[in-house]
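Trainee: This structure is in structure tokens; I'll ask about it shortly.
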Amino acid sequence: MSKIVIFLGPPGAGKGTQSQLLKERNGFIQISTGDLLREAVKNQTELGKLAKQYMDEGKLVPDDLIISLIKEKLQEYADKNIIFDGFPRTIPQAESLDNLLSRLNKNVDAVILFKIEDEEIVKRLTGRRVCPSCGAVYHMVYNPPKIDEICDRCGARLTQRDDDKEEVIRKRLEVYHQQTKPLTEYYKSKIVEIDVTDNPNNIYNKIASMI
Ligand code: AMP
């Protein structure tokens, strides 16, 4: 029987990194609504055009858009082990997921709550820089380039993602506390908390032993 796991937690907690590891090492399918939306924005699809403004402001994209996106993906991967990364983010999204899963005779097996302080997130995300040319990712404190703001690999000047600016991060955190945190109550019986200030490999080992 395939497994359905949800990664719940604030932006910048490392949900994407851990999903990637479970995908590579355990064959899970990763469904990240953030990645799907960024792809839609890049390709300038109808969904992308509708979503962009919400994303730039750090707000949530409306539930109906997200739910139809998920419906499509669930049909595609009905019999696989799935990690939902960054979904659901509201109670209506969680209720819709339960409905969609019950039609497939499935349910959510585990919810992993990534625990980290807001100030640590601000520190992590404001320091993140990306190379617009080759895609390398740096952190100005934890993983700085050799020469200030210049990519080690290709020499391009590093940039900051629009939604990694401090005011947008603070907005994303506020939205998380108001709209997403209530899901911890919704999933009370299935939730396992995990401290994510440890290094990514130790966190991976903990998660892998739980699911
Ligand atoms: P993420 O990469 O998961 O932090 O998502 C980036 C942005 O995409 C968020 O700040 C939201 O604007 C939007 N987004 C991603 N997932 C959802 C979701 N499940 N519900 C609503 N908006 C979302």
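The values are calculated or read from the model by the stated rules, or taken from the named source; none is laboratory data. All figures in this text were calculated on a predicted structure; none of them were measured in a lab. Please note: Cβ atoms are built from the backbone with ideal geometry, for glycine as well, and neighbour counts cover all protein chains shown. Protein only, heavy atoms only, side chains kept; ligands, DNA and RNA dropped before computing areas. Shrake-Rupley method; radii C 1.70, N 1.55, O 1.52, S 1.80 Å.
Trainee: Just name the residue that is least open to solvent (accessible area, probe 1.4 Å) out of those in the stretch 154-198 that are among the polar types (S, T, N, Q) and outside any loop (DSSP other than H, G, I, E, B). Steps first, please.
Mentor: Here is the first cut: in the stretch 154-198, the residues among the polar types (S, T, N, Q) are 159-160, 178-180, 184, 189, 197.
Filter again for outside any loop (DSSP other than H, G, I, E, B), leaving 159, 178-180, 184.
Numbers: Thr159: 59, Gln178: 122, Gln179: 78, Thr180: 6, Thr184: 43 Å².
Step by step, filter the stretch 154-198, then rank; the result is Thr180.
Trainee: Still on this structure, I have one more. Restricting attention to the stretch 105-149, report how many residues are aliphatic (A, V, I, L, M) and loosely packed, with under 14 Cβ neighbours inside 10 Å. Don't jump to the end; show me each part of the working.
Mentor: At the first step, the residues of the stretch 105-149 found to be aliphatic (A, V, I, L, M) are 108, 110-113, 116, 121-122, 125, 130, 136-137, 140-141, 147.
Remaining after also requiring loosely packed, with under 14 Cβ neighbours inside 10 Å: 137, 141, 147.
Within the stretch 105-149, residues that are aliphatic (A, V, I, L, M) and loosely packed, with under 14 Cβ neighbours inside 10 Å number 3.
Condition check ((1) closer than 23 Å to Leu21 by Cβ; (2) within 18 Å of the chain's Cα centre (by Cα)) across all residues:
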| residue | (1), (2) |
| --- | --- |
| Ile116 | yes, yes |
| Asn143 | yes, no |
| Ile147 | no, no |
| Thr184 | no, yes |
| Glu193 | yes, yes |
| Ile203 | yes, yes |
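Trainee: Take the residues in the stretch 42-56 that are under 17 Å from the mean Cα position of the chain (by Cα) and in contact (Cβ under 8 Å) with a residue 12 or more places away in the chain; name whichever of them is farthest from the ligand (Cβ to nearest atom).
Mentor: Going through the stretch 42-56, the residues under 17 Å from the mean Cα position of the chain (by Cα) turn out to be 51-52, 54-56.
Okay, now just the ones that are also in contact (Cβ under 8 Å) with a residue 12 or more places away in the chain, so 51, 55-56.
Details: Ala51: 7, Met55: 4, Asp56: 8 Å.
Only one residue tops the list, namely Asp56.
Trainee: While we're on this one: I need every pair where a residue in the stretch 101-117 that is in a loop (DSSP other than H, G, I, E, B) has its Cβ under 9 Å from the Cβ of a residue that is among the aromatic types (Phe, Trp, Tyr), sequence separation at least 6 or different chains.
Mentor: Between residues of the stretch 101-117 that are in a loop (DSSP other than H, G, I, E, B) and residues that are among the aromatic types (Phe, Trp, Tyr), the close pairs are Val108/Phe84; Val108/Tyr187.
Trainee: Keeping to the stretch 179-210, report how many residues are without any contact (Cβ under 8 Å) to a residue 12 or more places away in the chain and of a type in the set (A, V, I, L, M). Break it down into steps so the answer makes sense when it comes.
Mentor: Step one: of the stretch 179-210, the residues without any contact (Cβ under 8 Å) to a residue 12 or more places away in the chain are 181, 185, 188-189, 198-199, 201-202, 205, 209.
Imposing the further condition that a residue be of a type in the set (A, V, I, L, M) reduces the set to none.
The qualifying residues number 0.
Trainee: Only one of these conditions is not met by Ile150: (1) more than 16 Å from the ligand (Cβ to nearest atom); (2) touching a residue at least 60 places away in the same chain (Cβ under 8 Å); (3) among the β-branched types (Val, Ile, Thr). Which number is it?
Mentor: Ile150 satisfies all of (1) more than 16 Å from the ligand (Cβ to nearest atom); (2) touching a residue at least 60 places away in the same chain (Cβ under 8 Å); (3) among the β-branched types (Val, Ile, Thr) except (2).
Trainee: What residue, among those in the stretch 11-41 that are free of Cβ contacts under 8 Å to residues at least 40 places away in the same chain, touching a helix residue (DSSP H, G or I) at 6+ places or on another chain (Cβ under 7 Å) and over 27 Å from Lys123 (Cβ atoms), is farthest from the ligand (Cβ to nearest atom)?
Mentor: Ala40
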